[in-house]
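The structure that follows is given in the form of structure tokens.
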């Protein structure tokens, strides 16, 4: 499914419950962090007991990300590509290959 | 752009730099939390100075989410829909309308 | 140094810069998450390059924790002990020994 | 209570349950982020329903912070003071007074 279609489903879901009033950009940003930590919790002491839990927690992070993108009129795959272009210059292949160092340490 | 296309670009970007070795599911989960907090930082003391910064930080969160989904063979829009079905039952419209309470307080 | 003394230094530091206006409980809670992620970032791809960076990032998390505790009139060591009492009942030694499972899986 | 005393209680609590094996610095860093997000969750859609919940969640963040400090042989009030000295230079009163901007924007 295209992101344009899933966002319509999400908008409808939110509107049915009159939840837009709670979805300020700040509340959505907080929600992304909160859900990201619930995903991280599956890895707190080692690998997850159950890989299927990863699916649901990751879905929650993605859901709030798409709602925030929509709030700002941003298209997810487009902003990913724009950022990727910047990351390519910060991490040129010849310098970055096989290294996990941050760009200012290359 | 469809998810299937953007993930190919991301896989190629990672492979060119021989970064797959660092992309354990746990490291990707940590990265999602780390980037989520950089996004949240734009809202630390109030609204962002510059809305364009939201685009880049949100792109970082989405990028790691797509890489983690790919690692587990999950399709993002599919897992969002699966989770949405569960959320619909937890938050029936008649009970949840206009309320921000968690499902166990409805 | 006792926590009661360090909090006086922190209050003075904040007051000198007229920063109390930004320190709503919500902004302090966001700040704790933001700094926690900067600490986590040192472990993003493996162990930290430099252990001394852990000291500064951990200090940032602790600083915001103490400011939030102070905002609510809470004494840090006291609330830790109160929570520890609850955790003792959730994780009785005979059941929890050597296990990382959450209490509802013991 | 001094830090030195509460950390003894925490060490004993951990040792009784043979949990030191799970407390690598990385796992403790993850735990701090996870608990910080549970604290933030109280502020997800507005102010907390119940201020007493802040006490328990904040205690969890502080607990893991003290365990990580102990793991590195760091004294919490000391590292806070060291970092405060650095922050004083980054945010001189005459420039920083009444402003929430980051130091590179002063």
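Each value in this text was obtained by applying a stated rule to the coordinates, not by laboratory testing. What you see is a predicted model; the values in this text were computed from it and never measured. Positions of Cβ are backbone-derived with ideal geometry, glycine not excepted, and every protein chain shown enters the neighbour counts.
With everything on Cα atoms, drop me the angle between helix D:76-90 and the longest principal axis of chain D, reported from 0 to 90° to the nearest 10.
On a 0 to 90 degree scale, this one is about 20.
A follow-up question, please. How high is the relative contact order of chain B, in percent, with contacts defined as C-alpha pairs under 8 Å that are six or more residues apart?
28
Along Cα-to-Cβ, 7 Å out, sits the label point; list in nm, shortest first, how far the one on residue B:101 is from those in the other copies.
3.3, 4.5, 5.6
A follow-up question, please. Once you put a point 7 Å from the Cα of residue D:100 and another 7 Å from the Cα of residue A:15, both along the Cβ direction, what distance in nm separates them?
3.2
Assign one of three labels to the range D:35-96, namely rounded, prolate or oblate, based on the Cα gyration tensor with a ≥ b ≥ c the square roots of its eigenvalues; rounded applies when a/c is under 1.5, prolate when it is not and a/b is larger than b/c, and oblate otherwise. Before the final figure, lay out each step's value.
Working: a/c = 3.41, a/b = 1.35, b/c = 2.54.
Verdict is oblate for the range D:35-96.
To continue, here is another question. By the gyration tensor of its Cα atoms, with a ≥ b ≥ c the square roots of the eigenvalues, what is the shape of chain D: rounded for a/c under 1.5, prolate for a/b over b/c, or oblate?
Oblate.
A further question follows. What is the Cα centroid distance between the range D:1-33 and the range D:43-106, reported in whole angstrom?
20
Just which residue of chain C brings its Cβ nearest the axis of rotation onto chain D, and by how many angstrom, rounded whole?
Per the Cβ-to-axis criterion, the result reads C:36, 2.
I want to verify a result. In a Gaussian network model of chain B, Cα cutoff 10 Å, which of these has the top mean-square fluctuation: B:84, B:58, B:40?
B:84
Any chance you could give the angle, 0 to 90 degrees and rounded to 10, that helix B:3-16 forms with the longest Cα principal axis of chain B?
Once rounded, the angle reads 40 degrees.
Take C:93, D:80, D:6 and order them by how many other Cβ atoms sit within 10 Å, fewest up front. Write down the numbers at each step before the final one.
Working: C:93 11, D:80 24, D:6 21.
Arranged by neighbour count, lowest to highest, C:93, D:80, D:6 become C:93, D:6, D:80.
Before rounding to the nearest 500, sum -39500 (n - 2.57) across all DSSP H runs of length at least 4 in chain A and divide by the residue total; then give [θ] at 222 nm in deg cm²/dmol.
-21500 deg cm²/dmol
Quick one: label points 7 angstrom along Cα→Cβ at residue B:16, distances to the other copies in nm, smallest first?
Values, ascending and in nm: 4.2, 4.9, 5.6.
So how far apart, in nm, are the two label points at residue D:86 and residue A:88 if each is 7 Å from Cα heading toward Cβ?
For residue D:86 paired with residue A:88, the spin-label model returns 3.5 nm.
Okay, next question. Where is the GNM fluctuation largest for chain D (alpha-carbon springs, 10 angstrom cutoff): D:72, D:64, D:91?
Taking springs between Cα atoms under 10 Å, the residue moving most is D:91.
Let me make sure I get this right: for the protein assembly as shown, a, b and c are the square roots of the gyration tensor eigenvalues over alpha carbons, sorted descending. Under 1.5 in a/c it's rounded, otherwise prolate if a/b > b/c, else oblate. Which is it?
Values: a/c = 1.37, a/b = 1.29, b/c = 1.07.
Rounded, since a/c falls under 1.5.
Along Cα→Cβ at 7 Å, what distances in nm separate the residue B:90 label point from those on the other copies, shortest first?
Here the equivalent label points are 1.8, 3.2, 3.6 nm apart from this one.
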